[in-house]
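Remarks on the structure that follows.
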Amino acid sequence: MNMTFDVVHVAGLVLLAVQLPLLLLLLARLAPGRTRRPPIAPRTTPRTDTTVTVIVATLNEAKRIGPCLQGLMAQQAPLLEVLVVDSRSTDGTRELVEAASARDPRIRLLTDEPLPSGWVGKVWALETGLRHAQGEWVLGIDADTVPAPGLVGAVIDAVEQDGYDVASFSPQFRDQTSAERFVQPAMLTTLVYRCGAAGATQPPPDRVLANGQCFVARRALLERNGGYAPARASFCDDVTLARHLAAQGARVGFLDGSRIIQVSAYASLGEMWREWGRSFDLKDATPMRRRWLDVALVWSAQALPLPLLVGLGLVYLRNPSLQQSSSVSLLEALLLVNASALFVRLMLLAALRGSYAERGAPFWFSWLADVAAAWRLTLSTARVPKSWRGRQYDTFAADQAG
């Protein structure tokens, strides 16, 4: 009995020694979010003192690109041109773009050259667009996004107001299934835990977060720093490029764009789990040691507090003798740490509500999916992607693993 008690006591001490420092680390990461900038508002009037090239990379996006093109056609100056770089789609994407081009001559359809060795398809398309761009700023927009009227002007206003050379904007998610609204917010929370909140003070270069669905940079800066080539082999190209530019001295921002851009990225929970889940660990932009530290933080401060609170609470209530032992202080400390972590998690859920067009019960109870999100992060961290958006990268993946 004493041996069992000693083992439990030691396990409790180890758990507290792990959880408490990781909770303090999390609080330090989240603290700048208290003064984060509010969501960017659309610009209601044109501005003619600068120009913007929008680049949209496409590969079989016929089912999703329509709202994106409509939103881009509604943009005023400083939008100069929209370059849709297509990788030989076969599903009618090209015809949709050509029809939009006939209505708005700012839209141009380009075809990228065959994918070079060592490049991810989307990054190669963005590089192709950059080589044809004429605007002072280059704005990458994903085909599954819905730009609000006034997005382009608002993006430039935001970067100039804060003196950014590069910035990206978190979207508002829409058209999600109930299952997605239950699991996806938990997965998104792991990103906030690992990198901080959108609109907060700029973190160190190796903690910069970015969103390629709405990513703007000065064209001259990109060209001086190798264009998109620094991220050519990355499945999280947005974060890889942003961190590379930040390391070169560029001022890089990550702002709340929930009022200027929406995204409907996936058709089901299964697709989201596969497609986003295989890259959201940010392995191509983060050293291995730090990735696994982040995994430990997510398990410790996000996924385990609720199960531990339930388990520890039952142990405390069902063992009156334990309440009189020397372990009561340890047990109470563990309960306090995990209750604090759960409180932080619930407060963050409230902070993220504006990032979802539809919420309902699945969203508000998404904290119950934290264990699943932590498990997906662990799988993604341990595995190397072999496919992306219909392309296979088996040889490429083997090179990365080696």
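The values are calculated or read from the model by the stated rules, or taken from the named source; none is laboratory data. These numbers were taken from a predicted model, which means no experiment stands behind them. Cβ placement follows ideal geometry from the backbone for every residue including glycine, while neighbour counts extend to all protein chains displayed.
Results for (1) small (Gly, Ala, Ser); (2) in a loop (DSSP other than H, G, I, E, B), shown as yes or no for each residue.
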residue: LEU115; (1), (2): no, yes
residue: TRP119; (1), (2): no, yes
residue: TRP124; (1), (2): no, no
residue: GLN134; (1), (2): no, yes
residue: ALA154; (1), (2): yes, no
residue: ALA158; (1), (2): yes, no
residue: GLN161; (1), (2): no, no
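Within region 194-206, the only residue that satisfies the criterion of being farther than 20 Å from ALA301 by Cβ and buried (at least 20 other Cβ atoms within 10 Å of the Cβ) is GLY199. Evaluating GLY33 against the criteria (1) farther than 30 Å from LEU110 by Cα; (2) surrounded by fewer than 20 Cβ atoms within 10 Å (Cβ to Cβ); (3) modelled with pLDDT of 95 or more; (4) not aromatic (Phe, Trp, Tyr) leaves one unmet condition, (3). For the residues LEU221, LEU191, LEU209, the requirement of being among the hydrophobic types (A, V, I, L, M, F, W, C) and either part of a loop (DSSP other than H, G, I, E, B) or crowded, with 23+ Cβ neighbours inside 10 Å (or both) singles out LEU209.
Here is the figure for region 360-392: residues that are among the charged types (D, E, K, R) and modelled with pLDDT of 95 or more total 2. For PHE254, the criteria (1) buried (at least 24 other Cβ atoms within 10 Å of the Cβ); (2) at pLDDT 95 or above hold in every case but one, which is (2). Taken over region 194-239, the criterion of being among the β-branched types (Val, Ile, Thr) and under 21 Å from ASP144 (Cα atoms) is satisfied by VAL216, VAL239. For the subset of region 224-247 comprising residues that are over 16 Å from the mean Cα position of the chain (by Cα) and assigned to a loop (DSSP other than H, G, I, E, B), which member is surrounded by the fewest Cβ atoms within 10 Å (Cβ to Cβ)? Per the criteria, the residue is GLY226. Of the listed requirements (1) in a helix (DSSP H, G or I); (2) in contact (Cβ under 8 Å) with a residue 60 or more places away in the chain, ALA99 misses just one: (2). In this structure, does SER300 turn out to be among the small types (Gly, Ala, Ser), over 16 Å from TRP375 (Cβ atoms) and either surrounded by 16 or more Cβ atoms within 10 Å (Cβ to Cβ) or modelled with pLDDT under 85 (or both)? It is false that SER300 is among the small types (Gly, Ala, Ser), over 16 Å from TRP375 (Cβ atoms) and either surrounded by 16 or more Cβ atoms within 10 Å (Cβ to Cβ) or modelled with pLDDT under 85 (or both).
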